[in-house]
Amino acid sequence: MNGMMLSGAGFSGVSMILVYAAIFGALYFFMIRPQKKQEKEKAAMLSTLAVGDTVLTSSGFYGVCIDINGDTVIVEFGYNKNCRIPMQRAAIVHIEKPEDAEEKGE
């Protein structure tokens, strides 16, 4: 009778390990993997940043990139061309190339 209880307890331990493994697998495929994919896409986008590109910052401002120095980017805002702000490259969320604007007819 003791042998029967031990085998039942062993089965529940294995099943709990399988349940935890399934939960971790689901978290990986639904949360971790898409986030890493999004980070790779953003890094690829930021690597194409060049002087003259129109950028959208994380704060919602549109500007033109006028200088790139490592992780620091100087962005010019407004029509009067007097507002130049240095910011981190990571603060850029969207890049529009001048060629793309010409194709749209702007």
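The values are calculated or read from the model by the stated rules, or taken from the named source; none is laboratory data. Worth saying up front: this structure is predicted, and the values here are computed from it rather than measured. When we count neighbours, we look across all protein chains shown, and the Cβ atoms used for this are built from the backbone with ideal geometry, even at glycine. Each accessible area value is taken on the protein alone, full model and side chains, heavy atoms only, with ligands, DNA and RNA left out. Shrake-Rupley method; radii C 1.70, N 1.55, O 1.52, S 1.80 Å.
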*What is region 16-106 by shape, rounded, prolate or oblate, if you read a ≥ b ≥ c off the alpha carbon gyration tensor as root eigenvalues and call it rounded for a/c under 1.5, prolate for a/b larger than b/c, and oblate otherwise?*
prolate
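Give me the orientation-averaged projected area of the Cα convex hull of region 14-54, in nm², one decimal. Display every interim value, and only then the final one.
Details: hull surface 12.9 nm².
For region 14-54, the mean projected area of the Cα convex hull comes to 3.2 nm².
Please sort 37-43, 49-55 by packing, taking for each peptide the average over its residues of neighbouring beta carbons within 10 angstrom, highest first.
Working: 37-43: 10.4, 49-55: 15.1.
By packing density, highest mean first, the sequence is 49-55, 37-43.
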*Just the accessible area for LYS36, please: 1.4 Å probe, Å², rounded to the nearest 10?*
120 Å²
*Points 7 angstrom from Cα along the Cβ direction at ARG89 and LYS37: gap in nanometres?*
2.5 nm
